[in-house]
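First comes the structure, then the notes that go with it.
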Amino acid sequence: MATIAWIGLGHMGTPMAGHLVAAGHEVRGVDVMPEAQAAASARGVDVVESIGAAVAGADAVFTSLPRNEHVRDVYGGDEGVWATAPTSALLLDTSTVDIVTSRYCHEHSVARGFRFVDSPISGGIAGAEAGSLTFMLGGDEEATSEAAALVQPMAGHVFVVGGPTAGIAAKLANNLMLFITLQAASEGARLAEALGLDPVVFHDLATVSSGDSWPLRTWYPVPGVVETSPANRNFDATFTTRLAEKNLSYALAAGEAAGLDLAAGRLAMERFARLIDEGYGDKDCSLVVKYVGRDGRTPGFDPDID
């Protein structure tokens, strides 16, 4: 069994680290938030006070962090991973970052004698809890092969996508499709309602027809149809609008750099930006359904309930 450092024990990192503990690995974790520390400790993670304490003697180091700048700081800081971890440790970043940051991590890891794998994930909090995440791995052949074996306790699917930054490239393209199909599910759901269709019948019909999508099956934005839908809980977040806006911004930046016109992605981005401007950045991203109605209202959402 391996000794693993886990940096970033949030809603995703804590259950993921817990699965590694359950698989028999020794996991040392670090996070700045007391509630995250307590949650990870309850799952058997040995919570320590610093990155240096977490990575000492580690066989592998996982990072699960909110934004580009956090990833750069954790790896490149004076007391960061590169400064304190043994160069024999395999480094895996599960964060969603932009291509530039992922390339920075690869290049600077190699320059310092480390192996690095960009290891983004798909499946959300539910997938992290269930151990059914999809991993997308990018890096050299030897490192990604080792990473693929290591992530198995957390994964339902593992794809070795290609060389450095290939994993994050796949993640950004997948997220672009996710947020575009979320708009489609929102508009289709509200149109079906307006035309008098039973929402359960229509949902069941669409999931076995050409309108099927992951948001349709998981986030259907009408209460009382899909158990996992945030519409059942006043759109309390399973995937916040702020996080969706961040992820989509990275995909759009990659498209711009590639000379592509991602028109549907820009529309999705405009809807997320509106939600954030209205103070709903911490609500679920599926609340974009409220813009389908011209009055800005949607079943399942009461703006007066916090």
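The values are calculated or read from the model by the stated rules, or taken from the named source; none is laboratory data. Source: prediction; values computed, not measured. We place every Cβ from the backbone using ideal geometry, glycine too, and count neighbours over all the protein chains shown. Surface accessibility is based on the protein's heavy atoms, side chains included, excluding ligands, DNA and RNA. Shrake-Rupley method; radii C 1.70, N 1.55, O 1.52, S 1.80 Å.
Residues that are open to solvent by less than 10 Å² (accessible area, probe 1.4 Å), under 19 Å from ALA169 (Cα atoms) and part of a helix (DSSP H, G or I) within region 97-130 comprise THR101, SER102, CYS105, SER109, listed in sequence order. Applying a threshold of 7 Å to beta carbon distances and a minimum spacing of six or more residues, or different chains, the list of pairs starting in region 119-130 at a residue that is β-branched (Val, Ile, Thr) and ending at one that is crowded, with 20+ Cβ neighbours inside 10 Å and not in a strand (DSSP E or B) reads ILE121/THR94; ILE125/MET12.
The residues in region 46-89 that are part of a strand (DSSP E or B), surrounded by 24 or more Cβ atoms within 10 Å (Cβ to Cβ) and more than 20 Å from the chain's Cα centre (by Cα) can be counted, and the count is 1. Pairs linking a residue in region 136-164 that is over 17 Å from TRP6 (Cβ atoms) and open to solvent by less than 20 Å² (accessible area, probe 1.4 Å) to a residue that is part of a loop (DSSP other than H, G, I, E, B) and polar (S, T, N, Q), with Cβ atoms under 7 Å and 6 or more positions apart or on different chains, are LEU137/SER119; GLY138/THR165.
Looking across region 265-306 at every residue that is assigned to a helix (DSSP H, G or I) and open to solvent by 50 Å² or more (accessible area, probe 1.4 Å), the one that is farthest from THR181 (Cα to Cα) is identified as ASP277. Scanning region 131-145 for residues that are part of a helix (DSSP H, G or I) and out of contact with any strand residue (DSSP E or B) (no Cβ under 6 Å at 6 or more places or on another chain) yields a count of 3.
Report, by residue number, each residue of region 158-197 that is of a type in the set (Val, Ile, Thr) and either over 21 Å from THR241 (Cα atoms) or out of contact with any strand residue (DSSP E or B) (no Cβ under 8 Å at 6 or more places or on another chain) (or both).
Taking region 158-197 as the starting set, the residues that turn out to be of a type in the set (Val, Ile, Thr) are 158, 160-161, 165, 168, 180-181.
Result: VAL158, VAL160, VAL161, THR165, ILE180, THR181.
Going by the structure shown, is PHE114 in contact (Cβ under 8 Å) with a residue 24 or more places away in the chain, within 23 Å of HIS11 (Cα to Cα) and of a type in the set (A, V, I, L, M, F, W, C)? Considered against the rule, which asks whether it is in contact (Cβ under 8 Å) with a residue 24 or more places away in the chain, within 23 Å of HIS11 (Cα to Cα) and of a type in the set (A, V, I, L, M, F, W, C), PHE114 comes out as no. Restricting the search to region 198-250, which residues are part of a helix (DSSP H, G or I), in contact (Cβ under 8 Å) with a residue 24 or more places away in the chain, of a type in the set (A, V, I, L, M) and open to solvent by 10 Å² or more (accessible area, probe 1.4 Å)? Selection gives VAL200, LEU243. Pairing each residue of region 291-306 that is more than 24 Å from GLU227 (Cβ to Cβ) with any residue that is crowded, with 17+ Cβ neighbours inside 10 Å and of a type in the set (A, V, I, L, M, F, W, C), provided the two are 6+ apart or on different chains, yields C-beta distances under 9 Å for TYR291/LEU275.
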